[in-house]
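**Student:** One structure follows; several queries about it will come next.
The values are calculated or read from the model by the stated rules, or taken from the named source; none is laboratory data. Bear in mind that the values here come from a model prediction, so they are computed numbers and not experimental data. When we count neighbours, we look across all protein chains shown, and the Cβ atoms used for this are built from the backbone with ideal geometry, even at glycine.
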């Protein structure tokens, strides 16, 4: 069977699409108010360090998925249990993002369509791309990211021409000190989206030989973080701190203010489509990681798992919350208390075990030479 391979540009594109998916919509770190853009920059720097952990594990096991080296490092039983927990983690992440996207579409474009129907349509499209494979997603993602960045540049030009930018809205910086900023970094901005990048531990083995996973990942994290921070800064200078914190979708609220004479208005439609595309790829990545993990753990072929896992994600998406407020409250809880376990604790545990095994093996190899001398 031909080995699936993705080059560095395609991998960076998928990572940036994943990173900006739902983050562009919800803007992590909004509790920091007008300093949210700083919190995102700090989180991006920490996220780059965090990715070095995932990249180091990949360097130790370049041809293995995360679920596979879990069993190598922890033993078959404990490793399989941890692999199963990651399947649940990936499915939950995908289901949350599916619900987020469904709510956006139902609220902004298909107001009279039930949320369940919107989510069915969305997961159906994702399942279709799942059948096409990660290579097709990588090539498509590269083209769409380039197009979306061009649209973003054009939108920023229109925002400047509209005369709605008020730089005084970000002053004074750190008015209430730096503690609130750091609290937001820990509780929100680091895990969403940088902690979620642990998902790429299931995709890095597809990176073509000759490319360094750490370089690719850190580049994507820092570029995506810079874009997200700039978008957040733009939201604040256009909307002001109060509206920025209260708006359901700050990005769309900002874009809806764009109006150049009677020639250009209703640019928010572009914003909605942009956010949907970003979200689509994030759902796909979570879905793909869950299916690949299950393929390894359950020993069932990839294509046979696409439909049942799509149904599980759909049902989870619909049943995970009674309403929007409960959905947000649960999201804040899991970001602060659950995601760090999967994004920080388990990966660093695996890395330490890997280092210890490597050190022990090196020591055992040197012992015969010492005894013979």
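**Student:** Hey, any hits in the range 292-307 for a residue that's out of contact with any helix residue (DSSP H, G or I) (no Cβ under 8 Å at 6 or more places or on another chain), part of a helix (DSSP H, G or I), farther than 23 Å from residue 77 by Cβ and modelled with pLDDT of 95 or more?
**Tutor:** Yes; the residues of the range 292-307 include at least one that is out of contact with any helix residue (DSSP H, G or I) (no Cβ under 8 Å at 6 or more places or on another chain), part of a helix (DSSP H, G or I), farther than 23 Å from residue 77 by Cβ and modelled with pLDDT of 95 or more.
**Student:** Which residue, of 136, 129, is modelled with pLDDT of 95 or more and surrounded by 15 or more Cβ atoms within 10 Å (Cβ to Cβ)?
**Tutor:** The conditions single out 129.
**Student:** Are any residues in the range 57-73 under 18 Å from residue 8 (Cβ atoms) and surrounded by fewer than 21 Cβ atoms within 10 Å (Cβ to Cβ), and if so, which ones?
**Tutor:** Once the filter is applied, which keeps residues that are under 18 Å from residue 8 (Cβ atoms) and surrounded by fewer than 21 Cβ atoms within 10 Å (Cβ to Cβ), the range 57-73 yields 59, 62, 63.
**Student:** Here's a follow-up. Right, residue 254: in contact (Cβ under 8 Å) with a residue 40 or more places away in the chain, assigned to a helix (DSSP H, G or I) and within 27 Å of residue 338 (Cβ to Cβ) or not?
**Tutor:** No, not satisfied.
**Student:** In addition: Look through 164, 227, 159 and report the one residue that is surrounded by fewer than 18 Cβ atoms within 10 Å (Cβ to Cβ), farther than 30 Å from residue 350 by Cα and touching a residue at least 12 places away in the same chain (Cβ under 8 Å).
**Tutor:** 164
**Student:** Only one of (1) in a helix (DSSP H, G or I); (2) in contact with a helix residue (DSSP H, G or I) (Cβ under 9 Å, 6 or more places away or on another chain); (3) farther than 30 Å from residue 297 by Cβ fails for residue 164. Which number is that?
**Tutor:** Unmet for residue 164, out of (1) in a helix (DSSP H, G or I); (2) in contact with a helix residue (DSSP H, G or I) (Cβ under 9 Å, 6 or more places away or on another chain); (3) farther than 30 Å from residue 297 by Cβ: (1).
**Student:** Quick one: is residue 196 over 18 Å from the mean Cα position of the chain (by Cα) and either in a helix (DSSP H, G or I) or surrounded by 15 or more Cβ atoms within 10 Å (Cβ to Cβ) (or both)?
**Tutor:** no
**Student:** Looking at (1) surrounded by fewer than 19 Cβ atoms within 10 Å (Cβ to Cβ); (2) over 19 Å from the mean Cα position of the chain (by Cα); (3) touching a residue at least 24 places away in the same chain (Cβ under 8 Å), which is the one condition that is false for residue 78?
**Tutor:** For residue 78, the exception is condition (3).
**Student:** Has the range 133-144 got at least one residue that is under 23 Å from the mean Cα position of the chain (by Cα) and under 26 Å from residue 244 (Cα atoms)?
**Tutor:** No, because not a single residue in the range 133-144 is under 23 Å from the mean Cα position of the chain (by Cα) and under 26 Å from residue 244 (Cα atoms).
**Student:** Being part of a helix (DSSP H, G or I), touching a helix residue (DSSP H, G or I) at 6+ places or on another chain (Cβ under 8 Å) and buried (at least 19 other Cβ atoms within 10 Å of the Cβ), is that true of even one residue in the range 4-11?
**Tutor:** yes
**Student:** To continue, here is another question. Looking at residue 15, is it touching a strand residue (DSSP E or B) at 6+ places or on another chain (Cβ under 7 Å), modelled with pLDDT of 90 or more and either buried (at least 19 other Cβ atoms within 10 Å of the Cβ) or in a helix (DSSP H, G or I) (or both)?
**Tutor:** Spelling it out, it is not the case that residue 15 is touching a strand residue (DSSP E or B) at 6+ places or on another chain (Cβ under 7 Å), modelled with pLDDT of 90 or more and either buried (at least 19 other Cβ atoms within 10 Å of the Cβ) or in a helix (DSSP H, G or I) (or both).
**Student:** Taking the conditions exactly as written (part of a helix (DSSP H, G or I), more than 18 Å from residue 279 (Cα to Cα), touching a strand residue (DSSP E or B) at 6+ places or on another chain (Cβ under 7 Å) and touching a residue at least 24 places away in the same chain (Cβ under 8 Å)), does residue 216 satisfy them or not?
**Tutor:** Taking the combined requirement at face value, the residue satisfies it.
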